[in-house]
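Novice: Before I ask anything, let me first share the structure, which is written out below as structure tokens.
The values are calculated or read from the model by the stated rules, or taken from the named source; none is laboratory data. Nothing here was measured: the structure is a model prediction, and the numbers come from that model. FYI the Cβ positions are ideal-geometry reconstructions off the backbone, even for glycines, and counts take in every protein chain you see. For accessibility, only protein heavy atoms count, side chains too; no ligands or nucleic acids. Shrake-Rupley method; radii C 1.70, N 1.55, O 1.52, S 1.80 Å.
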Amino acid sequence: MLLNSSLFARIFSGMAHQIKTLIAACCITFVATAALADCTAVYKAKQDNPLRLEHGLLAVSGPCTKEAAKAKVKAELASKGWTLLKVLSVSEN
């Protein structure tokens, strides 16, 4: 017999366990990261040459006001080559 089904079953069950563990670790990391941030800012940004526009979310720490989030979002986007156009809204986590 070319295919030993019990061998494949053992291999795939081991892989399934590893995949489940990886997914659980990713979920825990996501929750922990969100817990560290006090606020989520919704922003608009741009890049020039060629013109690219972006609408996104960014987790920021500190007071949850547009003014407080603006400086942090601007600095984070500038480090990636983007120019902040506007912080549209902020929401507490």
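Novice: Restricting attention to segment 49-93, report how many residues are part of a strand (DSSP E or B), over 19 Å from C39 (Cα atoms) and among the hydroxyl-bearing types (S, T, Y).
Specialist: 1
Novice: While we're here: Got a number for residues in segment 22-48 being exposed (fewer than 10 other Cβ atoms within 10 Å of the Cβ) and either at pLDDT 65 or above or not in a helix (DSSP H, G or I) (or both)?
Specialist: Residues flagged as exposed (fewer than 10 other Cβ atoms within 10 Å of the Cβ) and either at pLDDT 65 or above or not in a helix (DSSP H, G or I) (or both) within segment 22-48 amount to 1.
Novice: In addition: With the structure loaded, tell me whether S13 is in a helix (DSSP H, G or I), open to solvent by less than 90 Å² (accessible area, probe 1.4 Å) and at pLDDT 65 or above or whether it fails that test.
Specialist: Values: in a helix (DSSP H, G or I): yes; open to solvent by less than 90 Å² (accessible area, probe 1.4 Å): yes; at pLDDT 65 or above: no.
In short, no.
Novice: Which pairs have Cβ atoms under 9 Å, sit 6 or more apart or on different chains, and link a residue in segment 73-85 that is open to solvent by 50 Å² or more (accessible area, probe 1.4 Å) to one that is of a type in the set (D, E, K, R) and assigned to a loop (DSSP other than H, G, I, E, B)?
Specialist: Within 9 Å, the pairs are T83/D48.
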